[in-house]
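Here the structure comes first, spelled out in structure tokens, and everything after it is commentary.
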Amino acid sequence: MTSVAIVTGASSGIGAATARRLAAEGFHVLAAARRTDRLAALVAEIEAAGGAATAVACDVTSDGSVADLAAAADAAPGPVTLLVNNAGGARGLDPVETADVGDWQWMYDVNVLGTLRVTKALLPALERSGAGTVVIVSSTAGHVVYEGGGGYTAAKHAQTAVAGTLRLELCGRPVRVIEIDPGMVKTEEFGLVRFGGDADRAEAVYAGVAEPLVADDVADCVAWCATRPHHVNIDQLVVRPLAQAAQHKVHRTS
């Protein structure tokens with residue numbers, strides 16, 4: 001019977017790339033996100049490539065929407081063995097002194113509480129499979145703070161704490177917990193969302209960096225971790241582009 005993988009935030013970027021890659025690995029993918037038009041296009045692309053996928057409208061900030069996702073998982077054509085908590089994002093780059101509380105609330109709700117809602121809802125199905133895996137896509141911002149990043153780094157630190165706590169709590173049960181922490185990843189929307197649609201500010205983040213990570217690089221990490229033998233738990237995988245030695249040390253060409 002085909003194993004089912006659920007990917008949140010699947011309408012673009014890392015989520016869409018992960019859905020494609022997991023389908024290629026043989027999973028039936030439930031691609032979950034708010035933008036159903038994008039999901040429909042993604043599912044059509046996966047099916048044209050010989051894979052299997054189902055679009056599920058889901059807003060991870062809504063309890064009711066997440067309950068619908070769990071219902072879709074129960075109706076899926078196989079055991080749910082993999083959940084990829086990918087939905088997230090950043091808003092703003094303001095110092096704490098002038099921070100927008102609404103931006104911080106959004107970042108907590110999507111990154112932290114979204115992970116909580118979806119994981120709680122899907123854990124019963126993952127455990128029933130006898131070989132479940134929870135992947136939490138966090139960030140190197142969950143390890144290191146930087147000026148202007150208070151809200152995002154706080155949310156990602158919290159997400160890292162959730163992953164570690166969950167791993168302890170599930171010890172002895174057939175569900176492993178994997179945290180993947182990418183550094184500089186250039187996707188079509190992350191910077192635009194962070195800077196309110198300002199394309200110049202979004203592009204400036206990557207100025208002079210010849211080869212930042214791209215969404216497919218992170219999807220490759222997700223797939224590798226998820227397809228290890230189930231007794232192998234990749235607790236935490238940090239992945240950065242070669243040009244980024246640390247959060248504050250990036251090689252840029254002139």
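The values are calculated or read from the model by the stated rules, or taken from the named source; none is laboratory data. In this text the structure is predicted, and so the values were computed from the model without any measurement. Cβ coordinates were reconstructed from backbone atoms using ideal geometry, including for glycine residues, and neighbour counts include every protein chain displayed. Accessible surface areas use protein heavy atoms only, side chains included; no ligands, DNA or RNA. Shrake-Rupley method; radii C 1.70, N 1.55, O 1.52, S 1.80 Å.
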**OP:** Give the residue, chosen from Asp200, Asp181, Asp217, that is modelled with pLDDT of 95 or more and surrounded by fewer than 20 Cβ atoms within 10 Å (Cβ to Cβ).
**Re:** Asp217
Subject >> Verdict on Ala52 being touching a strand residue (DSSP E or B) at 6+ places or on another chain (Cβ under 6 Å) and either free of Cβ contacts under 8 Å to residues at least 60 places away in the same chain or not charged (D, E, K, R) (or both) >> reply: yes
Original post:
Is at least one residue of region 166-174 open to solvent by 30 Å² or more (accessible area, probe 1.4 Å), closer than 28 Å to His231 by Cα, in a helix (DSSP H, G or I) and not acidic (Asp, Glu)?
Top reply: yes
Original post:
Does Glu45 satisfy being open to solvent by 60 Å² or more (accessible area, probe 1.4 Å) and under 19 Å from Val222 (Cα atoms)?
Top reply: no
Original post:
If you scan region 97-133, which residues turn out to be in a helix (DSSP H, G or I) and in contact (Cβ under 8 Å) with a residue 60 or more places away in the chain?
Top reply: Gly114, Val118, Leu122, Ser129
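If I filter region 47-61 down to residues being part of a loop (DSSP other than H, G, I, E, B) and more than 17 Å from the chain's Cα centre (by Cα), which single residue comes out as nearest to Ala158 (Cα to Cα)?
Initially, region 47-61 is screened for residues part of a loop (DSSP other than H, G, I, E, B), giving 49-51, 58-61.
Remaining after also requiring more than 17 Å from the chain's Cα centre (by Cα): 49-51.
Numbers: Ala49: 37, Gly50: 38, Gly51: 35 Å.
Checked region 47-61; the qualifying residue nearest to Ala158 (Cα to Cα) is Gly51.
Yes/no per residue for (1) in a helix (DSSP H, G or I); (2) open to solvent by less than 10 Å² (accessible area, probe 1.4 Å); (3) β-branched (Val, Ile, Thr):
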residue: Ala73; (1), (2), (3): yes, yes, no
residue: Leu83; (1), (2), (3): no, yes, no
residue: Ala87; (1), (2), (3): no, no, no
residue: Gly92; (1), (2), (3): no, no, no
residue: Ile136; (1), (2), (3): no, yes, yes
residue: Val145; (1), (2), (3): no, no, yes
Original post:
When region 1-35 is examined, which residues are found to be within 18 Å of the chain's Cα centre (by Cα), β-branched (Val, Ile, Thr) and either at pLDDT below 95 or open to solvent by 20 Å² or more (accessible area, probe 1.4 Å) (or both)?
Top reply: Ile14
Original post:
When both residues are 6+ apart or on different chains and their Cβ atoms are under 7 Å apart, which pairs have a first residue that lies in region 23-39 and is closer than 21 Å to Gly88 by Cβ and part of a helix (DSSP H, G or I), and a second that is open to solvent by 30 Å² or more (accessible area, probe 1.4 Å) and not basic (Lys, Arg)?
Top reply: Thr36/Ala55; Thr36/Ala57; Leu39/Ala55
